[in-house]
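Encoded as structure tokens, the structure appears first; notes follow it.
The values are calculated or read from the model by the stated rules, or taken from the named source; none is laboratory data. Being a predicted model, the structure only gives us computed values, none of them experimental. When we count neighbours, we look across all protein chains shown, and the Cβ atoms used for this are built from the backbone with ideal geometry, even at glycine. Only protein heavy atoms, including side chains, enter the accessible area calculation; ligands, DNA and RNA are left aside. Shrake-Rupley method; radii C 1.70, N 1.55, O 1.52, S 1.80 Å.
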Amino acid sequence: MGVHSGSERVLAGLDPEQRAAVTAPAGPVCVLAGAGTGKTRAVTSRIAHRALTGEVSGRHVLAVTFTARAAAELRARLTALGVGGVQARTFHAAALRQVRYFAPRLLAGRAMPELLDSKARIVTLAAARVGLRADRAAARDLAGEIEWAKSSLVEPGEYVAAAAKALRDTPHEPAKVAEVFVAYEKLKRANGVIDFEDMLRAAVWGIEEHPDVAEQVRGQYRHFVVDEYQDVNPLQQRLLEAWLGGRDDLTVVGDASQTIYSFTGATSAYLVDFPRRHRGATVVRLVRDYRSTPQVVGLANAVISQARGTEARLRLELVGQRPPGPEPELRIFTDEPAEAAAVATRCKALVDAGTPAREIAVLFRTNAQSEAYEKALTEAEVPYVVQGAERFFERAEVRQAMVALRAATRSIPGETPLRDAVVEGLAAVGWAPDAAPAGGAARERWEALAALVQLAEEHAASPPVLPIGEAAAVQRLVTLADFNDELARRAAAQHVPTVEGVTLASLHSAKGLEWDAVFLVGLSEGTLPTTYARTAEQVEEERRLLYVGITRARAQLWLSYAVARSPGGRARRPSRFLPQLDRSGGPTERAGAATPRRAERRRNQVVSCRICGATLLAGPDRKLGRCPTCPSDIDEELYERLRDWRARVAAAQKVPAYVVFTDATITALAERRPGRAEELVAIAGIGPRKIGLYGEPVLALVAGAAVDEVCPEKTLKIDP
């Protein structure tokens with residue numbers, strides 16, 4: 001393939017805005033990319049286009065992002081586009097690689113300190129030294145404060161003032177946190193270890209203070225791409241500027257409306273100010289949403305359109321590109337257990353109807369909300385996976401499985417199809433493809449190993465290519481040994497396979513992911529926004545969290561909240577971020593129209609779905625007595641008799657059919673089959689006047705009477 005044809009292939013299929021981002025000239029480029037607008041494609045295509053046209057060399061490009069998965073995705077896409085040599089890494093991985101490489105020079109022969117995987121142990125010791133007793137949760141909170149300070153370039157002696165300026169909600173009195181910070185730094189030095197922030201600072205120091213290191217790094221990396229630029233913190237920005245060294249061949253990609261990590265020190269200020277900091281920068285806006293249906297996109301736009309503050313200056317109005325789908329559902333429940341049970345029931349229905357469990361997610365504001373949904377899904381026998389609870393490759397059953405698969409290479413013939421070999425190898429740890437437990441932790445363990453089998457199938461579908469001299473390349477069989485190498489590579493990069501199960505995740509951990517069906521739960525005041533959001537800026541970040549949650553859904557979206565935390569508990573209000581709910585009660589019926597006061601009183605009556613218990617808001621739903629998506633138990637034969645009767649009465653009275661009863665009321669009668677006048681009144685849309693006019697024939701029809709029996713000729717001429 002020639003250079004020209006390769007670059008043209010990269011441009012094929014791009015929309016006009018994506019093409020503008022890909023072909024933008026060298027220099028500062030800012031791509032404002034809304035959720036689902038194809039930013040990863042735009043980023044990789046820009047790198048590939050520049051490389052294939054000879055504008056840059058792949059080995060001189062450094063692309064940085066925030067997760068190992070995203071970095072792996074960038075590398076995989078670039079390889080598929082025929083571009084090699086590009087370094088795609090997280091900030092931490094890139095810094096670690098450079099620090100290790102230059103350590104002999106920077107440390108004058110001394111060994112590089114060990115890198116801490118977690119601050120928890122040393123933070124706990126540091127807290128004890130200053131008279132604080134820190135359990136696991138307290139140690140995590142203190143570690144978070146230290147990470148925020150170091151990421152924000154705040155020294156221990158500056159912490160108190162900086163925390164006050166940033167309005168930090170500190171786990172202890174700020175002066176005490178500062179003491180823990182000081183003790184933590186001393187303990188680190190005494191133990192000869194460094195944390196991730198130290199590593200980033202070491203990379204900055206190596207470049208800023210050592211001209212020879214700076215020259216070598218800048219000679220290697222000449223073109224930079226930063227994904228998720230709205231999540232950069234001051235320390236990462238300092239490292240980026242050290243890498244650049246005053247040069248401006250920089251492409252940044254971000255969405256200010258997805259700025260949700262300010263508590264870690266991340267700030268969208270660098271994205272917002274990019275055109276000012278880089279005069280003459282090219283700015284491209286990607287707004288065509290290829291992920292979500294227009295209905296989901298419309299709700300996302302409605303939520304973020306109310307945003308205020310700095311980030312709102314770069315707000316994007318998305319334009320849905322997919323075919324229409326179902327409207328998002330808004331549900332209200334009496335309490336949280338009822339909400340969780342209804343979500344689990346719907347998840348089961350989706351799975352039974354053919355939606356893969358891995359394409360369903362339940363998202364919440366805090367991790368503490370997970371337990372209720374774990375319990376409800378277990379009771380409903382729906383498999384689930386808790387996002388971020390434990391790294392996939394660190395799970396005991398996965399480690400055991402990898403040991404078993406390595407051992408199996410000695411006994412399973414090399415020509416055995418890969419899937420069969422993996423299934424046979426997993427038998428050593430008690431896994432079988434047809435032995436899935438009903439639910440709970442056992443099902444979760446089974447699904448984790450099933451994910452390895454699925455990964456084997458995917459790996460076998462794209463076997464390695466071997467060049468044979470001048471001949472065309474050929475593909476060879478993927479062996480179990482090859483697959484073990486792939487697992488080791490993935491484990492090192494934390495590139496995990498997809499596990500079959502409904503995903504339970506916090507809104508923060510859901511960033512960057514997407515599902516066919518998403519449940520956004522617990523949307524009440526005090527939870528979203530959290531009670532800890534006290535400033536206007538903090539409240540706006542909570543709004544962006546909901547926006548991020550909405551834009552995770554491809555097609556089906558459920559939003560819900562519980563009036564009380566527990567049965568009989570104190571009532572709460574729905575989140576202020578939710579769009580105005582429909583409380584109209586449906587179209588006003590001409591016959592027997594209520595007075596405004598009476599209509600308002602009826603609208604304010606609580607009507608619950610008789611199937612799932614949700615509070616019904618829309619008029620037609622209130623009449624039916626159920627949500628539009630809950631299963632109907634309609635008596636079809638009665639429904640047809642009621643329609644026939646209504647048509648005759650309407651013809652005799654010379655009025656439209658809906659004046660007698662609306663379609664929703666007819667459906668409600670056929671579903672609920674009232675036996676007494678009191679039960680008729682319970683159906684919204686049937687008042688005393690209509691009972692007087694039609695109550696007797698309707699009850700007779702429900703009891704089994706034929707239409708001719710209740711419609712003698714003399715009764716058809718009644719003038720309402």
Residue check, L187 more than 30 Å from Q87 (Cα to Cα), over 30 Å from the mean Cα position of the chain (by Cα) and not in a helix (DSSP H, G or I): no
Index of the failed condition, L116 passing every other in (1) open to solvent by 30 Å² or more (accessible area, probe 1.4 Å); (2) among the aliphatic types (A, V, I, L, M); (3) closer than 15 Å to D195 by Cβ: (1)
Any hit, the range 255-277, residues being closer than 18 Å to R552 by Cβ and open to solvent by 30 Å² or more (accessible area, probe 1.4 Å): yes
Any pair with Cβ under 7 angstrom, 6 or more apart, that starts in the range 105-129 at a residue that is within 30 Å of I207 (Cβ to Cβ) and assigned to a helix (DSSP H, G or I) and ends at one that is of a type outside the set (S, T, Y) and open to solvent by 30 Å² or more (accessible area, probe 1.4 Å): L106/H210
Residue ranges of strands (runs of 3 or more DSSP E) in the range 327-394 with at least 1 members over 18 Å from the mean Cα position of the chain (by Cα) and surrounded by 23 or more Cβ atoms within 10 Å (Cβ to Cβ): 329-335
Residues of the range 690-712 satisfying the condition of being touching a residue at least 40 places away in the same chain (Cβ under 8 Å) and either within 50 Å of the chain's Cα centre (by Cα) or within 19 Å of E637 (Cβ to Cβ) (or both): K690, P697, V698, L701, V702, A706, V707, V710, C711
Of all residues in the range 664-676 being modelled with pLDDT of 85 or more and of a type outside the set (D, E, K, R), the one that is surrounded by the most Cβ atoms within 10 Å (Cβ to Cβ): L669
Residue ID - nearest to A368 (Cα to Cα), chosen from residues in the range 527-574 that are among the hydroxyl-bearing types (S, T, Y), surrounded by fewer than 20 Cβ atoms within 10 Å (Cβ to Cβ) and touching a residue at least 24 places away in the same chain (Cβ under 8 Å): T530
Test set (1) closer than 26 Å to I332 by Cβ; (2) at pLDDT below 85; (3) assigned to a helix (DSSP H, G or I) - K714 fails condition number: (1)
Complete set of residues in the range 229-250 that are acidic (D, E) and in contact with a strand residue (DSSP E or B) (Cβ under 6 Å, 6 or more places away or on another chain): D249
The range 365-422, residues that are more than 30 Å from H508 (Cα to Cα), basic (K, R) and touching a residue at least 12 places away in the same chain (Cβ under 8 Å): R406, R419
Residue check, R97 surrounded by fewer than 15 Cβ atoms within 10 Å (Cβ to Cβ), at pLDDT 85 or above and either under 26 Å from E241 (Cβ atoms) or not polar (S, T, N, Q) (or both): yes
First in the range 625-650 and among the small types (G, A, S), second anywhere and surrounded by fewer than 13 Cβ atoms within 10 Å (Cβ to Cβ), Cβ under 9 Å, 6 or more apart: A650/P656
Single residue of V287, V232 found to be touching a Gly at 6+ places or on another chain (Cβ under 7 Å) and of a type in the set (A, V, I, L, M, F, W, C): V287
From the options A161, A190, A128, residue that is modelled with pLDDT of 90 or more, open to solvent by 10 Å² or more (accessible area, probe 1.4 Å), among the small types (G, A, S) and within 29 Å of V99 (Cα to Cα): A190
Test: residue in the range 163-183 that is assigned to a helix (DSSP H, G or I) and more than 30 Å from T530 (Cα to Cα): yes
Residues of the range 217-233 satisfying the condition of being open to solvent by 40 Å² or more (accessible area, probe 1.4 Å) and either small (G, A, S) or without any contact (Cβ under 8 Å) to a residue 40 or more places away in the chain (or both): R218
Selection within the range 1-42 - among the aliphatic types (A, V, I, L, M), at pLDDT 90 or above, open to solvent by 10 Å² or more (accessible area, probe 1.4 Å) and outside any loop (DSSP other than H, G, I, E, B): A20
A139 more than 16 Å from P174 (Cβ to Cβ) and buried (at least 16 other Cβ atoms within 10 Å of the Cβ): yes
Test: L74 is touching a Ser or Thr at 6+ places or on another chain (Cβ under 9 Å), of a type outside the set (V, I, T), surrounded by 19 or more Cβ atoms within 10 Å (Cβ to Cβ) and more than 19 Å from E209 (Cβ to Cβ): yes
Residue that is nearest to G13 (Cα to Cα), among those in the range 288-326 that are hydrophobic (A, V, I, L, M, F, W, C), more than 19 Å from the chain's Cα centre (by Cα) and open to solvent by less than 70 Å² (accessible area, probe 1.4 Å): L314
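Which residue out of L153, L132, L142 is of a type in the set (A, V, I, L, M) and assigned to a helix (DSSP H, G or I)?
Only one candidate qualifies: L142.
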